[in-house]
Amino acid sequence: MRNKIRIVTSGAIPPLVELLKFQNSSLRELATAAILTLSAAAPNKPMIAASGAAPLLVQILSSGSVQGRVDAVTALHNLSTGSENPNLILDVKVVSPLINLLKECKKYSKFAEKITALLEILSNIEEGRLVISSSEGGILTLVETVEDGSPVSTEHAVGALLNLCQSCRNKYRELILKEGAIPGLLLLTVEGTTEAQEKARTLLDLLRNSSPENRLTSSVLERIVYDIAKRVDGTDKAAETAKRLLQDMVHRSMELSMSRIQLRAASSTPSDIPSK
């Protein structure tokens with residue numbers, strides 16, 4: 001760690017940033033790897049962020065090799081982690097490349113965890129939310145991550161969706177519902193991390209078609225599934241019916257996810273993005 005700090009204080013960052021501007025892809029990616037290594041040390045982050053490296057790393061997400069894109073995402077993640085205002089580091093231009101990378105990679109991979117963390121950060125600002133919702137498959141890809149991601153990536157994905165809906169429920173509610181988010185969110189209220197469960201419950205509450213004054217304060221599963229079950233089979237059998245309804249919804253969600261995966265596989269070439 002001390003060696004890394006000495007490298008930065010000796011003036012290594014400006015030359016590395018200059019290398020990121022080169023047309024030679026090999027030099028750019030060597031510089032990216034070096035910046036990634038340096039960005040792992042907390043004292044280096046402010047200097048790297050101030051150097052103007054971030055916008056150049058964003059360019060690599062669209063034009064670099066597989067390893068270059070992985071290194072660029074990881075470096076951007078390092079720079080944004082622990083920053084008092086990560087939105088000053090991340091430009092909204094990174095949203096579309098991140099969405100495309102998330103489409104290609106395994107949703108439960110470490111790579112997806114870093115991508116979704118960046119997308120959640122960007123969803124805190126209006127420009128970021130607009131690009132996420134207008135990018136082809138942007139919201140759908142986040143919904144798929146809620147369904148298929150690791151505990152970490154699901155937590156970030158539901159956080160991004162929640163930020164959208166909290167910012168303007170009337171604008172984003174239908175867009176999220178249209179992508180079939182309900183089953184994955186319901187499952188997340190049971191199987192997600194503590195933070196993900198709370199975010200899923202809050203989002204489900206916002207997705208319900210009722211005014212804030214009429215929303216109940218009980219758990220989402222009781223509020224949504226139990227109410228449906230009670231109308232179907234009456235109070236006596238409501239608990240048993242609710243459990244079956246949730247299982248059916250999750251099963252249907254899995255079937256839809258598999259159908260989307262099969263359609264995507266039939267229309268695209270195999271991805272080289274690593275799954276780890």
Item checked: helices (runs of 4 or more DSSP H) lying entirely in the stretch 132-202 (those with 1 or more residues that are free of Cβ contacts under 8 Å to residues at least 12 places away in the same chain and either more than 13 Å from the chain's Cα centre (by Cα) or closer than 19 Å to A117 by Cα (or both)) -> 169-178, 182-191
Check: What helices (runs of 4 or more DSSP H) lie completely within the stretch 34-84 and have 1 or more residues being surrounded by 17 or more Cβ atoms within 10 Å (Cβ to Cβ) and among the polar types (S, T, N, Q)?
Finding: 66-80
Notebook entry, point to check: Going by the conditions given, is I115 farther than 27 Å from N44 by Cβ, of a type in the set (V, I, T), assigned to a helix (DSSP H, G or I) and not assigned by TED's automatic domain parsing to the domain that holds L27?
Noted result: no
Notebook entry, point to check: Do we have G64 as under 23 Å from L16 (Cβ atoms) and in contact (Cβ under 8 Å) with a residue 40 or more places away in the chain here?
Noted result: no
Margin query: more than 20 Å from N163 (Cα to Cα), surrounded by fewer than 24 Cβ atoms within 10 Å (Cβ to Cβ) and in the same structural domain as P151 (by TED's automatic domain parsing): is that true of K106 in this structure?
Written below: yes
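The values are calculated or read from the model by the stated rules, or taken from the named source; none is laboratory data. This one's a predicted model, so the numbers in the text were calculated from it and none came from an experiment. Note: ideal-geometry Cβ built from the backbone for every residue, glycine included; neighbour counts use all protein chains shown.
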